[in-house]
Structures are given as C-alpha cells and as structure tokens.
Amino acid sequence: MGLIGALGAGPVAIDTVAFVYAGDLWLASAKGGDARRLTSDAGMEYFPKFSPDGRWIAFSAEYSGTRQVHVIPAAGGTPRQLTYYSDVGPMPVRGGTDYRVLDWTPDGKQVLVRANRVPSDERGRRPYLVPVEGGLETPLVIPESGAGSLSPDGTGLAWLSWDHPRMPWQGSDLWLATLDSAGRPRGTRHVAG
C-alpha cells in the first residue's frame, strides 16, 4: 500500500482515499472504480484522516448523542472510541463543529483534534492530542484555533485563528510555531492575515 490520505484533508492520495458519503465512511482507489463502505452505523461520521502508516483511520462520529473521536482499521472492523468528554451539543448556524479530527502525530500514537473547550466561548476551539491507545487528551498550549496541521516530523504546527464574531473568511490569521516536547509553541510567527 502506498501513501494514502483523506480526500480534502491531508496529503495527496496515491492509492486510496477516504471520504464521507451519506454520513458513512467510504474508501476508494485514487485511480477510480467502485467505493467500499467502511461504516454503516446509525450515527454520522465526519473528517476521516489516515494514520501515517495507513493502517488506521481517525474520524469524528455521533454514535451516542455526542460527537466523539474514533479510530477504525483501514481494512475494516469495529470503530473504537478515543474521547469521552461531552461535546458542546447543538451549535448555532455556522457555529462550527466540536471534536474535529485534524491530523496524526508522525509516529501514529496520537490524533490531533480540535475541541470546543475555551471557557469564555462555546465556539472557542483549541487543539488537543488524543492518545490512540487510550488516556486523557492533552491540550496544546496555543491560543484558540480553527484548524491546524502538524509538520511531517511533528515538531511544528500551523494553525488558523480568527477574531469572533467575524467569520474565518472575514479575518483569518495563519500562524506557525515550533513545538517543544510538552507541546508548547516556541518561535511563534504570524505568517498571513
């Protein structure tokens, strides 16, 4: 299996793409052909993202009334829940999404997610690292963010921020930082916005 990625959310796919259709996860060859349904649960699935080795797919799902982060083997199987913190519940129109899968750490041991847990604002988002083998989420010590991605070696982070109530397309800022071993940004610099 070659390099694989999620359609619209990650590296350019060479062999396989993961996508959401009708609330379920699907896989298809990047060369075309029939798609294969990976999930068929009653809840909605969102934001699939392949692990660096291509063996797992992290995704957000609403199986039990709240949105949580799960993983599933790329070959198929039963999803396994990684997060258990209650999401913020129904959001206002254009309120965004809670527990959005953003990326994987290069070693495949943690999933980078964005959770709405800024105390001053239900729409306030912050990135967290979620261990794939279980355990508590660890917040990255950066200001509120809308989206983010780790560098290929895991030592850097790029993220978007914006000033509410303006929407992201009215005033986003792009930031880059080097992360220390505790996930704290060092050398943060404003790139655009």
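Return the residues of segment 26-46 that are in a strand (DSSP E or B) and touching a Phe, Trp or Tyr at 6+ places or on another chain (Cβ under 6 Å); say none if nothing qualifies.
TRP26, ARG37, GLU45
Could we say that TYR46 is modelled with pLDDT of 80 or more, open to solvent by 40 Å² or more (accessible area, probe 1.4 Å), over 30 Å from SER181 (Cβ atoms) and out of contact with any Leu (no Cβ under 6 Å at 6 or more places or on another chain) here?
yes
Only one of (1) of a type outside the set (Asp, Glu); (2) farther than 14 Å from LEU129 by Cα; (3) modelled with pLDDT under 90 fails for THR39. Which number is that?
(3) is the only condition that THR39 fails.
When you check GLY95 against the structure, is it in a loop (DSSP other than H, G, I, E, B) and modelled with pLDDT under 60, yes or no?
So GLY95 fits the description; yes.
Scan segment 141-173 residue by residue and report those that are exposed (fewer than 13 other Cβ atoms within 10 Å of the Cβ) and modelled with pLDDT of 65 or more.
PRO152, ASP153, GLN170, GLY171
Quick check, is TRP56 within 17 Å of GLN110 (Cβ to Cβ) and among the hydrophobic types (A, V, I, L, M, F, W, C)?
The answer is yes for TRP56.
Quick check: anything in segment 52-65 surrounded by fewer than 16 Cβ atoms within 10 Å (Cβ to Cβ) and modelled with pLDDT under 80?
Looking for residues that are surrounded by fewer than 16 Cβ atoms within 10 Å (Cβ to Cβ) and modelled with pLDDT under 80, one finds at least one in segment 52-65, hence yes.
Using the structure shown, decide if GLY124 is open to solvent by 70 Å² or more (accessible area, probe 1.4 Å) and at pLDDT below 90.
no
The values are calculated or read from the model by the stated rules, or taken from the named source; none is laboratory data. Since the structure is predicted, the reported quantities are computational estimates derived from the model, not experimental observations. As a convention, Cβ positions derive from the backbone with ideal geometry for all residues, glycine included, and neighbour counts pool all protein chains shown. With ligands, DNA and RNA removed, areas are computed over all heavy atoms of the protein, side chains included. Shrake-Rupley method; radii C 1.70, N 1.55, O 1.52, S 1.80 Å.
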